[in-house]
1. For ASP157, what accessible surface area do you get with a 1.4 Å probe? Give it in Å², rounded to 10.
2. Once phi is turned into ³J(HN,Hα) by the Karplus curve 6.51 cos²θ - 1.76 cosθ + 1.60 with θ = phi - 60°, what whole-Hz value does each residue of the range 70-85 show in order, with x for glycine and proline?
3. Once amide H atoms are built 1.01 Å from N in the peptide plane, which residues 5 or more positions from LYS66, or in another chain, come under 5 Å H to H?
4. Show LEU254, LEU92 ordered by accessible area, largest first, where the area counts protein heavy atoms only and the probe is 1.4 Å.
5. Of LYS252/LYS289; LYS281/LYS307; LYS80/LYS128; LYS80/LYS204; LYS57/LYS253; LYS52/LYS155, which sit over 19 Å apart, Cα to Cα?
6. What residues qualify as long-range amide H neighbours of VAL189, i.e. H under 5 Å apart, gap of 5 or more or another chain, H built at 1.01 Å from N?
7. Taking amide H atoms as placed 1.01 Å from N in the peptide plane, list the residues 5 or more away in sequence, or in a different chain, whose amide H sits under 5 Å from that of TYR83.
8. Mind grabbing the accessible area of ILE28 for me, 1.4 Å probe, Å², rounded to tens?
Amino acid sequence: MAEQKASTSIEAVESGLAAQGYIASRQIATAVYLSQQIEKPILVEGPAGVGKTELAKAIAAWRGMKMIRLQCYEGLDEAKALYEWKYAKQLLYTQILKDKLGEVLGGAQTLHAALDQLHDFGDVFFSKEFVEPRPLLQALEQPGGCVLLIDEIDKSDAEFESLLLEILSDFQVTIPELGTVSAITPPTVILTSNSERDLGDALKRRCLHLHIGFPEQRLEERIVESRVPGISQTLRRQMVGFIHEIRSLDLKKLPSVSETIDWARVLVLLQASELDTDIVKDTLNVLLKYEADIEAASPQVTTFIAKAARSNVFG
């Protein structure tokens, strides 16, 4: 494993993430820096595709840490997120104990003495060796720390948030049969949300809040340059300018940064040197995911290309 890197300044965070291909705004770099310094999770909110999940991946890669991911969904519970018992192993142990019962109770002269001996063996059934750790518990058990990504927390049930509170505040969890398990090294915790539902105040209080929206044009150009190095400066400026015009429309789903990167790769693959009406209309489905949005945007293509070209000349 690579040596873990501490963020000694906000600038160090920016350059460290950039080395992993993640071009961070000052706001993002500041949140990451503060999170490390005060050991507080970050709740990252924003539309899908703006780089929330990629942020966690970039932090892990930059700091040379393992990333453990918990993908949230409706119905997610303790058994899938925290731990569950190895029931098959417990049953096997029960069978072994049954076969050896005579040896176990061989020295017991009374019923009370036999029960005392069985009680000693019974505790083993709920010991650490019978626990199957799930992502949350795995993160606490990493000796060198890790990045724990709790992805799309807004898709889980509101009750699931209660399970996270102890982990987010104290980096520990209480298992009734085992007691409190504390983190060997506190993990860097990133929670993401697409804001499909409102999250509870208790969870928000335990986190730094970071909203990642659509980037301003120059930052988005830097992102494209980093992720699609083969694209020319002219085409890069034109396509980002065009996308910013598209985002001014009232669409069901506005194109996000992930669509920007995909479109840049498509344009390079098609050997486009600049935007024109035909190539935009032929590839508009890369940017827009709903037919109604494509139909709404198509009449504006020529106008938006002209605006993007003018901004390229005067920008």
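The values are calculated or read from the model by the stated rules, or taken from the named source; none is laboratory data. Since this is a predicted model, take the numbers as computed values, not measurements. With ideal geometry, Cβ positions are generated from the backbone for all residues, glycine too; neighbour counts draw on all protein chains shown. Accessible surface areas use protein heavy atoms only, side chains included; no ligands, DNA or RNA. Shrake-Rupley method; radii C 1.70, N 1.55, O 1.52, S 1.80 Å.
1. 50 Å²
2. Each residue of the range 70-85 in turn: 10, 7, 8, 7, 5, x, 4, 10, 4, 5, 8, 9, 10, 6, 8, 8 Hz.
3. VAL147
4. Working: LEU254 45, LEU92 105 Å².
Result of the area sort, largest leading: LEU92, LEU254.
5. Values: LYS252/LYS289 9 Å; LYS281/LYS307 16 Å; LYS80/LYS128 17 Å; LYS80/LYS204 23 Å; LYS57/LYS253 25 Å; LYS52/LYS155 15 Å.
Correct reply: LYS80/LYS204; LYS57/LYS253.
6. Amide H neighbours of VAL189: ILE42, LEU148.
7. Long-range HN contacts for TYR83: ARG134.
8. Answer for ILE28: close to 10 Å² accessible.
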